[in-house]
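Everything below concerns the one structure shown next.
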Amino acid sequence: MPKATITPDHDAIISEIEIAAPPERVFRALTDSDQLMRWFTDASCSVKFWQMDARLGGKYSYATEKSNFVVNGVSEFKCHGEILEFDPPRLLVYSWIANWHLDPQKKTIVRWDSRPPHPGRT
């Protein structure tokens, strides 16, 4: 069952989910531009492009077509960042800087860690 918690200082949200796929498959889905284009999109907010240089220090970016909804005055969404940690297929950490945030220069750090949450489970 998915679980999410907010740290006591309200500085981080930690979410855990179980995905019924091998870590290698999940890692590819997170780092391959073609696969990102397939799953990281929605008919109401179609993605124009996904670019991912999947390596330590690599950059990524994506942009959407203009959508029917607006977040903080933005209806054409753009995001970019840098890969900060890269240990396939276990760990992917990157900065997330988005044009729809109240402060577009403030970055979020996203961390994907595929270690099993319980011993003996993958």
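Read-outs throughout are calculated quantities, based only on the coordinates presented, and are distinct from any laboratory measurement. Since the model is a prediction, treat every value here as computed from it, not as a measurement. Every residue, glycine among them, receives a Cβ derived from its backbone with ideal geometry; neighbour counts consider all protein chains shown.
Descriptive notes on the structure:
- Only helices enter this figure: runs of n ≥ 4 DSSP H residues, each worth -39500 (n - 2.57), summed and divided by the residues of the chain, yield -3500 deg cm²/dmol at 222 nm to the nearest 500.
- Rg followed by Dmax, in Å, when the chain is reduced to its Cα trace: 15.5, 47
- Under 16 Å from a label point set 7 Å out along the Cα-to-Cβ vector of GLU85, the amide N atoms of segment 1-19 belong to 12-16.
- Within the shell of other residues whose beta carbon sits under 12 angstrom from the beta carbon of ASP53, the net charge comes to 0, with Lys and Arg scored +1 and Asp and Glu -1.
- Qualifying lysines (Cα of each under 24 Å from Cα of LYS59; at least 8 residues distant if same chain): LYS48, LYS78, LYS106, LYS107
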